[in-house]
1. In square nanometres, what is the average projected area of the Cα convex hull of segment 115-221?
2. Rounded, prolate or oblate: which one fits segment 11-87, using the alpha carbon gyration tensor with axes a ≥ b ≥ c (rounded when a/c is under 1.5, else prolate when a/b beats b/c, else oblate)?
3. Indicate the gyration tensor shape class of segment 84-153 (rounded, prolate or oblate), computed on the Cα atoms with a ≥ b ≥ c the square roots of the eigenvalues: a/c under 1.5 is rounded; otherwise a/b larger than b/c is prolate and the rest oblate.
4. On a 0 to 90 degree scale, rounded to 10, what angle separates helix 17-32 from the longest Cα axis of the chain?
5. Calculate how steeply helix 190-220 sits against the longest principal axis of the alpha-carbon atoms of the chain, using the helix alpha-carbon long axis, and give the answer as 0 to 90 degrees to the nearest 10.
6. Take peptides 170-177, 113-120 and line them up by average Cβ neighbours within 10 Å, highest first, as a rough protection proxy.
7. In a Gaussian network model over the chain where Cα atoms closer than 10 Å are linked, find which of 64, 199, 106 has the largest mean-square fluctuation.
8. If I take every Cα pair under 8 Å that is 6 or more residues apart in the chain, average their sequence separation and divide by the length, what percent do I get for the relative contact order?
Ligand SMILES: Cc1cc2nc3c(=O)[nH]c(=O)nc-3n(C[C@H](O)[C@H](O)[C@H](O)COP(=O)(O)O)c2cc1C
């Protein structure tokens, strides 16, 4: 039995393309494995708090952490526990101003935390950070109003969404990273229709590929 952490970062509700994509993904997964556990974390509707000076001090307090500091980290602890419990992290996110929505960035800031999702040791030389988690599948579904954000395409230089998530995904314990994109939303023309069709048509193959990985993992575990 697998455990999916399903995140949605769009500020929109029903008309959100990424929410439609992630819910179709989850529905197809549940067709295969009805007893899979799905935790839905809707950061688009309920953004996590931003980190503050006191939050950072609490995160780095280690053994000396006070009760008040523990309380300050309680949201972070809950969000991290959800990642730890998951085998697959599914992120549906719009492109806002060429990057991720602030709500999703706030989520990453809450979960990328010293001694929970990474360790820091200067003895490691120039790369002192090391992720704690591993073995997870990370799936990212994006939608953008413009188009051509892929490598070598028209707007490739402006894609600060997927490369950023890819860098952060190390700390989710990503062993695999998959990305499905819808583009052209602002044009609303046949290119957008084709992009939507291609993304939804790709879902069954993607789900099957990830399920094969999940099954192999389960046998080994
Ligand atoms: C605040 C805001 C900022 C946006 N910024 C960009 C952008 O920088 N580049 C782009 O291609 N589309 C941009 N868009 C368009 C969205 O990426 C597009 O509407 C997408 O479908 C939103 O995802 P959703 O349908 O899941 O809500 C922006 C939309 C909003 C509301």
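Since every read-out is calculated from the coordinates, none of them should be taken as a lab result. Since this is a predicted model, take the numbers as computed values, not measurements. Every residue, glycine as well, gets a Cβ built from its backbone with ideal geometry; the counts of neighbours run over all protein chains shown.
1. Its Cα hull, projected and averaged over all orientations, spans 9.2 nm².
2. Working: a/c = 4.50, a/b = 1.95, b/c = 2.31.
Note, shape of segment 11-87 comes out oblate.
3. Values: a/c = 2.14, a/b = 1.75, b/c = 1.22.
The shape class here is prolate.
4. 90
5. For 190-220 against the chain, the angle is about 50 degrees.
6. Working: 170-177: 18.8, 113-120: 16.1.
Sorting 170-177, 113-120 by mean packing, highest first, produces 170-177, 113-120.
7. Judging by the Gaussian network model, the answer is 64.
8. Relative contact order here is 21 percent.
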